[in-house]
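Okay, so here's the structure we're looking at.
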Amino acid sequence: MVALSRGGAAGVAAGAAVLGGLLLFATAAPTSLVDAPAYEIDESLAGEVTSGTTPALSPFYDVADWQPGPPGTLVRAEPIDGAPDGMRLFRILYQSTDLQGNAIPVTGLYAVPAGDPPPGGFPLVGFGHGTTGIGQACGMSQAPLDDDTPSRSNFVPHIEPLVEQGWAVVASDYSGMGAPGPASYLVGPLEGRGILDTMRAVQSPAPEIGSVAIDTSKMGVYGKSQGGEAVLSAMELAPTYAPDLDIAGGVSLAPGFTPALQGVLDAVASNPTSTSQNMFVLLIARSYAENYPQYTNLDEILSDVGKEKMAILDQYCGGDLADRVVDVPLSELLNTPVASGLVTALGEAMPGSTPLKMPAIIVQGLEDTTILPQFTHAQVMSRCALGDTVFYVRYPFDDHPSLNYQARLNQPSVIDWMEARWADEPAPDNCANQLLGTTNLAAGVGR
Amino acid sequence: MNREFLPEAVVGITVGLLLAVLAVYRTSKAPSSGILTRGAMMSVLLYAIVAAGVLVTEGLTFIGLLLLLVMLCLPVVGMMFAERTPAVTGQAARVARAAVSIGLTAAMLIAAAQTLSLLSRVDPRTLVVVLTVVTGLLVAVEGTRSSGRIGSWATWLLIVPILISLALGFLLGNAGQAISPIIVTGGLSVAAVVCLMVAFLVLGTADAALAASHRIGGWSPVRVLGGVFGVVILIVFGLLMFFGGAVIAPSIQFFVVPANIDALPGLAGVLLAVLTVLFAAVVAGALAGLRPTADAAGLGWLIGGAAIAAGVALLDPGLDWVVVATALAAASVALATTARGVLGGLIGAGVMAVVLTVTGAMTWSWWAALAIVVVAVVGRLLSGAGSSSSVDSPAVSGPEPTLDASHNPG
């Protein structure tokens with residue numbers, strides 16, 4: 001080698017560089033982009049996933065007689081009449097904790113297959129629902145069987161098909177959305193506690209529910225949009241908050257994140273148009289002001305116009321709420337620059353910096369204009385850098401609604417992925433950086 | 001990230017590798033002092049890559065930036081200390097110094113492979129091999145000249161991350177928040193900072209590439225550190241403005257910009273080309289410690305060392321493990337004045353590495369810092385008990401490296 005002329009040595013080095021490039025191309029890790037056509041939503045189903053009606057609040061959510069108790073304790077339950085064939089539905093009230101560690105009552109929906117459980121019991125999935133508001137009438141347990149309600153819009157594409165798989169599904173309403181409590185929109189640690197405590201709560205026998213055998217070795221979490229972020233928060237929290245739960249993995253569909261970046265938030269807040277973002281920012285403002293008073297408050301975050309909208313958040317849900325807050329440009333709702341305390345709080349609440357102790361599958365449609373794929377990708381990169389076991393799937397032609405079906409019905413199917421975790425198969429991982437030896441150190445590998 | 005850009009990414013990385021080759025073979029003239037000074041900057045920035053990776057896990061704030069600057073002085077201080085001390089020659093000392101070069105090379109290969117694969121999904125194992133082969137070829141033929149030339153180009157290319165960082169900071173950030181953070185951090189780990197400082201100081205005493213670069217180039221430590229400080233301050237301050245006063249990684253906000261690397265066609269390729277040159281420079285810089293000049297006697301060490309470094313990088317026990325292990329090896333020659341002392345230090349380093357690994361303390365911990373100090377002291381104490389017949393000066397054995405063309409194998 002050293003006998004080469006200078007030109008020869010340069011040629012060898014350049015040749016090695018070009019050959020190296022070819023090898024890099026040939027050996028690259030598989031893409032996360034799935035070769036699948038867009039999922040066409042059945043028009044007859046589309047009507048069932050709207051959420052233009054705010055349901056009335058039933059007496060079940062009156063907690064005048066509630067007493068604080070250990071988190072994850074079931075307080076009471078009631079059956080919901082008219083459940084579809086093959087399943088039973090219950091409203092549940094259970095104990096959870098707020099971010100200050102105080103006991104709070106939270107409600108949820110428990111859906112179980114009607115037949116006999118398989119040997120060992122039903123698998124149990126904690127479900128995180130997408131954006132429906134923050135009002136007491138906006139939770140999953142309110143009216144899952146009534147058309148055009150927020151809970152129906154999550155029940156049809158998610159909860160019902162999961163129960164049809166033979167899984168027991170428990171969906172937290174999240175704090176404040178049923179029983180009174182602090183608003184929880186995108187407050188990851190609060191949503192996460194709600195999800196984990198529902199999974200604990202339904203493992204206790206209750207006279208209203210009867211004996212439902214749960215296979216505690218087959219548990220998982222599953223969420224979409226706001227719920228996608230909530231289940232990732234729950235997965236981060238689980239080892240410390242609920243170490244008693246043996247969660248095998250989590251499914252996160254188009255998770256909703258708000259990165260703690262002042263410049264990005266200022267750009268959003270300067271939007272001179274009225275969009276669905278109006279509802280999102282109002283929900284965030286209210287939730288963060290209530291949970292992080294040490295950092296911020298509504299006066300800092302919202303303009304007078306924005307503060308006038310606060311009462312509406314308590315009264316309406318889903319599309320019914322969104323329609324009532326799009327009458328002004330987004331830029332008129334928020335103070336700009338965005339309150340630095342809100343950025344501080346978002347920095348604490350958003351998941352992405354704590355390693356997961358279980359594998360995750362994160363799915364994103366690239367035509368999604370509600371959840372920007374770039375933020376999902378940033379979350380996945382962070383997960384890969386943390387050494388998490390993450391299987392990232394991108395559907396090139398799907399948007400926010402169609403992903404609900406695509407992720408279940410196409411391959412790789414999130415249902416199959418979850419079943420494989422319960423079968424103790426090695427979890428797939430397409431983080432290219434983990435092909436080095438650190439793969440063996442990744443926390444979730446092997447489960 | 002809405003599209004696949006693997007072909008673009010691979011072209012970018014390949015162009016980066018070809019730029020490294022071009023930098024080395026652009027001219028046959030001896031490198032100027034400016035080139036060697038800029039090359040030395042990359043040898044010091046190697047330590048910044050290690051330190052920044054530690055500091056950002058808890059949150060790199062303005063205070064962290066100041067600490068980082070202090071840390072970056074330590075390898076140079078260590079090098080100057082070694083230059084003023086009669087150096088030990090002999091096989092044990094050569095093994096210890098080679099271990100340091102191998103460890104630093106492995107650390108940079110890991111950093112390069114993790115970063116580039118995370119951004120582009122290329123296989124990091126292939127990247128380790130390719131980067132080792134290409135930089136190894138360049139260093140084999142040109143020695144420190146090659147690392148100096150690549151480092152010089154890389155230093156100019158640092159203008160790209162500097163401009164990106166400042167643009168993000170000034171357009172989407174806040175200068176006041178850079179100094180008064182709005183992002184809450186976990187607080188710096190004192191153990192990690194102390195361990196890094198101890199490790200950097202002893203690594204400086206045994207970093208043969210840095211020492212050879214100084215001996216050949218005769219660069220001013222003040223000038224090199226001034227340049228390094230300028231680069232680090234500009235990049236980190238821009239990021240501090242953008243991130244609200246604390247750079248936390250991994251985090252979703254940290255990756256928001258990399259996740260948009262496909263925003264413009266060609267952007268990913270350009271950024272990956274720049275990063276590839278930067279990593280080629282630090283890898284070549286570390287490798288040059290195994291063969292500072294083009295004398296044939298060092299070729300076996302270079303080939304063997306590069307192979308071991310690549311092997312360690314492929315196993316990737318973690319950057320912290322690799323750097324602490326390297327610092328333990330460096331400690332064996334840091335204070336030793338005899339071959340016996342170095343040998344004792346090396347044995348001590350091996351024992352300490354095993355104990356720290358078994359106990360889970362082979363990371364930025366108090367125990368690791370203590371172990372590094374203990375190994376250095378053991379080397380010193382055993383030196384006192386032995387003869388001084390193996391003491392020589394300067395620090396690196398073999399012929400005195402010069403810029404004379406006779407070292408060019410032609």
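Miscellaneous remarks
- Once the C-beta distance of A:Thr369 and B:Lys29 is scaled by a Förster radius of 51 Å, the resulting FRET efficiency is 0.35 to the nearest 0.05.
- Table column - 3J(HN,Hα) (Hz), the range B:202-218, Karplus curve with 6.51, -1.76, 1.60, x for Gly and Pro: 6, 4, x, 6, 10, 7, 5, 5, 5, 5, 5, 4, 5, 5, 6, x, x
- Once the Kirkwood radius over Cα pairs is known for the range B:120-163, the Stokes-Einstein relation at 4 °C and 1.567 mPa s delivers a diffusion coefficient of 109 µm²/s.
- In chain B, helices alone account for a calculated mean residue ellipticity at 222 nm of -24500 deg cm²/dmol, with every DSSP H run of four or more residues adding -39,500 (n - 2.57).
- By the beta-carbon count within 10 Å of each Cβ, the least crowded to most crowded order of A:Lys224, A:Lys309, fewest first, is A:Lys309, A:Lys224.
- Taking amide H atoms as placed 1.01 Å from N in the peptide plane, the amide H of A:Val75 lies under 5 Å from those of A:Leu93, A:Tyr94, A:Gln95, each 5 or more residues away in sequence or on another chain.
- Counting other Cβ atoms within 10 Å as a rough exposure proxy, the listed residues B:Met1, A:Met140 run B:Met1, A:Met140 from fewest neighbours to most.
- Where labels lie 7 Å past Cα in the beta-carbon direction, separation of A:Thr275 and B:Leu171 in nm: 1.9 nm
- Label-point separation, A:Arg6 to A:Ile41 (7 Å along Cα→Cβ), nm: 6.8 nm
- Overall Cα dimensions of the range A:163-227 - principal axes, largest extent first, Å: 32, 25, 20
- Positive-end ranking of B:Val224, B:Asn260, B:Gly244 along the dipole of chain B, with charges on Cβ about the Cα centre, is headed by B:Val224.
- Cysteines without a disulfide-compatible neighbour (Cβ-Cβ under 4.7 Å), the protein assembly as shown: B:Cys73, B:Cys195
- Here the Karplus curve 6.51 cos²θ - 1.76 cosθ + 1.60, taken at θ = phi - 60°, turns the phi angles of the range B:110-121 into couplings of 4, 4, 5, 5, 4, 5, 5, 6, 5, 7, 10, 6 Hz, with x standing for Gly and Pro.
- The range B:67-81 and the range B:130-205 have Cα centres separated by 14 Å.
- Exposure proxy shown here: for A:Leu298, A:Leu124, A:Leu232, the number of other Cβ atoms within 10 Å sets the order, fewest to most, as A:Leu298, A:Leu124, A:Leu232.
- Taking every residue in B:108-117 and counting other chain Cβ atoms within 10 Å of its Cβ, the average works out to 3.
- Three-way shape label, the protein assembly as shown, alpha-carbon gyration tensor, a/c 1.5: prolate
- Whole-number D in µm²/s for chain B (Stokes-Einstein; Kirkwood sum over Cα pairs; 10 °C, 1.306 mPa s): 75 µm²/s
- Averaged over residues, the count of other Cβ atoms within 10 Å places the peptides B:194-202, A:143-151 in the sequence B:194-202, A:143-151, highest first.
- Among the helices of chain A, those built from whole DSSP H runs whose Cα atoms reach 24 Å or more along their own axis and whose mean Kyte-Doolittle hydropathy is at least 1.0 are A:6-26.
- Remark on the range A:262-347: ratio of C-alpha radius of gyration to 2.2 N^0.38 Å is 0.99.
- Projecting the Cα atoms of A:Ser204, A:Gly318, A:Asn291 onto the charge dipole of the range A:192-330, computed from C-beta unit charges around the Cα centre, puts A:Ser204 farthest toward the positive end.
- Relative contact order for chain B: 32 percent, from Cα pairs under 8 Å spaced at least 6 residues apart, divided by residue count.
- Radius of gyration and Dmax over the Cα atoms of the range A:81-154, both given in Å: 14.3, 42
- Dipole magnitude of chain B, debye to nearest 20 (Cβ charges: Lys/Arg +1, Asp/Glu -1, about Cα centre): 500 debye
- Note on the range B:204-286: percent of Cα-Cα distances in each 10 Å bin, starting at 0 and stopping at the bin with the largest distance, equals 14, 30, 34, 19, 3.
- Rounded to the nearest 10 degrees, the angle from helix B:319-334 to the longest Cα principal axis of chain B is 30 degrees.
- Average partner coverage of B:48-57, which counts Cβ from other chains inside 10 Å: 0
- Look at the stretch B:127-138: the mean tally of other chain Cβ atoms within 10 Å of its residues' Cβ atoms is 5.
- For A:Lys357, a cut-off of 19 angstrom between C-alpha atoms picks up these lysines, skipping any fewer than 8 places away in its own chain: A:Lys218.
- Summary of the geometry: the range A:331-404 and the range B:322-389, compared by the centres of their Cα atoms, lie 45 Å apart.
- Ranked packing of A:373-382, A:68-77, most packed first, by mean Cβ within 10 Å: A:373-382, A:68-77
- Cα→Cβ-extended label distance, 7 Å offset, between A:Ala311 and A:Asp62, nm: 2.5 nm
- The charge dipole of the range A:262-347, taken about its Cα centre with unit charges on the Cβ atoms of Lys, Arg (+1), Asp and Glu (-1) only, comes to about 160 debye.
- Relative contact order [Cα under 8 Å, 6+ residues apart], the range A:220-274, whole percent: 45 percent
- Size of electric dipole in the protein assembly as shown: Cβ of Lys, Arg +1 and of Asp, Glu -1, about Cα centre, debye, nearest 20: 4760 debye
- Protection proxy ranking of B:102-113, A:112-123, B:82-93 - average other beta-carbon atoms within 10 Å, highest first: B:102-113, B:82-93, A:112-123
- When only alpha carbons of chain A are considered, Rg and Dmax amount to 23.1, 90 Å.
Each value in this text was obtained by applying a stated rule to the coordinates, not by laboratory testing. Quick caveat, the model's predicted, so the values are computed rather than measured. Using ideal geometry, Cβ is built from the backbone for each residue, glycine included, and neighbour counts are taken over all protein chains shown.
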